1. Quick one: count up the residues across the range 128-142 that are open to solvent by 30 Å² or more (accessible area, probe 1.4 Å) and of a type in the set (A, V, I, L, M, F, W, C).
2. Let me confirm something: among Y303, Y309, which residue is open to solvent by 50 Å² or more (accessible area, probe 1.4 Å), under 14 Å from the mean Cα position of the chain (by Cα) and aromatic (F, W, Y)?
3. Can you report the number of residues in the range 254-283 which are over 27 Å from P147 (Cα atoms), in a helix (DSSP H, G or I) and either of a type in the set (D, E) or open to solvent by 10 Å² or more (accessible area, probe 1.4 Å) (or both)?
4. Out of all the residues in the range 325-368, which are outside any helix (DSSP H, G or I), among the polar types (S, T, N, Q) and either at positive phi or surrounded by 17 or more Cβ atoms within 10 Å (Cβ to Cβ) (or both)?
5. With respect to the numbered conditions (1) aromatic (F, W, Y); (2) under 17 Å from the mean Cα position of the chain (by Cα); (3) open to solvent by 20 Å² or more (accessible area, probe 1.4 Å), which one is the sole condition not fulfilled by F251?
6. Check whether at least one residue in the range 200-210 is of a type in the set (K, R) and either outside any helix (DSSP H, G or I) or surrounded by fewer than 20 Cβ atoms within 10 Å (Cβ to Cβ) (or both), and report yes or no.
7. Is it true that some residue in the range 104-123 is touching a residue at least 60 places away in the same chain (Cβ under 8 Å) and part of a loop (DSSP other than H, G, I, E, B)?
8. Would a scan of the range 242-264 turn up a residue that is in contact with an Asp or Glu (Cβ under 9 Å, 6 or more places away or on another chain) and among the polar types (S, T, N, Q)?
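The values are calculated or read from the model by the stated rules, or taken from the named source; none is laboratory data. Because the structure is a prediction, the values reported are computed rather than measured. When we count neighbours, we look across all protein chains shown, and the Cβ atoms used for this are built from the backbone with ideal geometry, even at glycine. For the accessible areas, the whole protein counts, side chains as well, though only heavy atoms, and no ligand, DNA or RNA atoms are used. Shrake-Rupley method; radii C 1.70, N 1.55, O 1.52, S 1.80 Å.
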Amino acid sequence: MKGGHRKPSKSEANEPSSYGIGPPSRSGPNSNVVVSHASRGGLVPSSPSPATATPPPPPMGPVEPLPLFRDVPVSERQTLFLRKLQNCCFQFDFTDTIKNAREKEIKRQTLLELVDFIQSGASKISELCQEEMIKMVSVNIFRCLPPASHENTGQEPADPEEEEPYLEPAWPHLQLVYELLLRYIVSTDTDTKLAKRYIDHSFVLKLLDLFDSEDPREREYLKTILHRIYGKFMVHRPFIRKAINNIFYRFIYETERHSGIGELLEILGSIINGFALPMKEEHKLFLIRVLIPLHKPKPIAIYHQQLSYCIVQFVEKDYKLADTVIRGLLKYWPVTNCTKENLFLGELEEVLEATQPVEFQRCMVPLFQQIGRCLNSSHFQVAERALFLWNNEHIVGLIAQNRSVILPIIYPALEKNIQTHWNQAVHGLTANIKKMFMEMDPELFEECRRQYEEKQAKSKEVEDKRQFTWKRLAEAAAERERDRVGRGEEDHMIIS
């Protein structure tokens, strides 16, 4: 079940913030919730509530359009609003474009009228109307998502970047339902204390389940709506963060398949930007246990831009976290995936730009050992991207302050590139960096060159000795073989 977790008690909900650090629970939000599909959200509670209303069957007879709001007296508009909501609870099969075409158009026009009515704020809607509206929204948007293509065929899942996104056939109606919900949430007339009765934890969980929709248009609406709910309903904030984290936990440690990771990270980027200082310990745990491990899954390229933004936000908020972040990147550094390695190098540059000298000194040794390996990568884009770090003035400044430690680490990699790398662009960039170090500190550069040559000479001496030993062994073996053959011939002659 996607993003499943227990519903917290009142005391938990009223905590200032809670990340729910730990592995995702497998229990649902309520004991009466069942899963409609093995890997998709579609939750169907057995007890009725605004967020769990059961859709009525399609109408047997013709659906007649109702009068416009402007054509009825103000006193009758609330009743008309309810009737229009009832008409919009009917759902239709959009896989058949001809079937119920008239009824579909009537519903579309009715939804447009409801959106305009809420947006205009001409009349404040009653508590009953709000409850019925959330029921109508729930009936339309909370549904079983179609299984992913690899779930239908039983084949190995393809690269998510290469898959064609599934577009929801019912989007002409769904879009208007989402728009209505959004207008209701952002409206200044919406009373938060009243609305939270209907936009409750159950509603939020089902909204989060929909983030796994393959339709990017739907995920964009969901992102905006959830962000607005987070901003308006402060009582839901700890619960929303905890629920999002549980989605991340399952993605990282179980499935590595989820369509909405990028959108959820966008929401969190905005949340992180609003963190107060000094930063709470639980926020730091969120960085360590959620954001840094998100570098592990293979499809990181889909959401890396949003993830990188969140990571840099943390370092900019609290510079002391730079060492933690850099060591986290080194922990998950890719070994054979060059595309992923390029992404890491880009993110590393952004983090280093926000890193202070004291934090830099704590991690510079393992950091430049890894950069040295990147410099010698046979994939020219990785080597080139690593060399581009020296184009950043702030990073060059950090390196210059600590050149006595850094140059001895990377000098062998620079020299190896000059001697053996196949790409001419890498040759040129490496030569420029060598020249930069030479001008920065000629004595240190000369000392590193001397140590490198001595080390190479010793290595050559060891290699020559090893080859000589193998040669002697081979000669001794050949001589023994000749002796064995000679003795065998003598014995044969004696026997003859």
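1. Looking only at the range 128-142, we keep the residues that are open to solvent by 30 Å² or more (accessible area, probe 1.4 Å), and these are 128, 131-132, 135, 142.
This time we only want the ones that are of a type in the set (A, V, I, L, M, F, W, C), so: 128, 142.
Final tally of qualifying residues: 2.
2. Within the list Y303, Y309, the selection yields Y309.
3. Matching residues across the range 254-283 total 6.
4. Our first condition is that a residue be outside any helix (DSSP H, G or I); within the range 325-368, this holds for 332-337, 354-356.
Then drop every residue that is not among the polar types (S, T, N, Q), which leaves 336-337, 355-356.
Selection gives T355 alone.
5. (3)
6. Pass one, the range 200-210, residues of a type in the set (K, R): 206.
Next, only the ones that are either outside any helix (DSSP H, G or I) or surrounded by fewer than 20 Cβ atoms within 10 Å (Cβ to Cβ) (or both) stay: none.
No, because not a single residue in the range 200-210 is of a type in the set (K, R) and either outside any helix (DSSP H, G or I) or surrounded by fewer than 20 Cβ atoms within 10 Å (Cβ to Cβ) (or both).
7. Here is the first cut: in the range 104-123, the residues touching a residue at least 60 places away in the same chain (Cβ under 8 Å) are 104, 107-108, 111-112, 114-115, 118-119, 121.
Adding the requirement that they be part of a loop (DSSP other than H, G, I, E, B) leaves 121.
Taking every residue of the range 104-123 in turn, at least one turns out to be touching a residue at least 60 places away in the same chain (Cβ under 8 Å) and part of a loop (DSSP other than H, G, I, E, B).
8. Start the filter on the range 242-264 by keeping residues that are in contact with an Asp or Glu (Cβ under 9 Å, 6 or more places away or on another chain), which leaves 242, 247, 257-260, 263.
Still in the running and among the polar types (S, T, N, Q): 259.
Scanning the range 242-264 turns up at least one residue that is in contact with an Asp or Glu (Cβ under 9 Å, 6 or more places away or on another chain) and among the polar types (S, T, N, Q).
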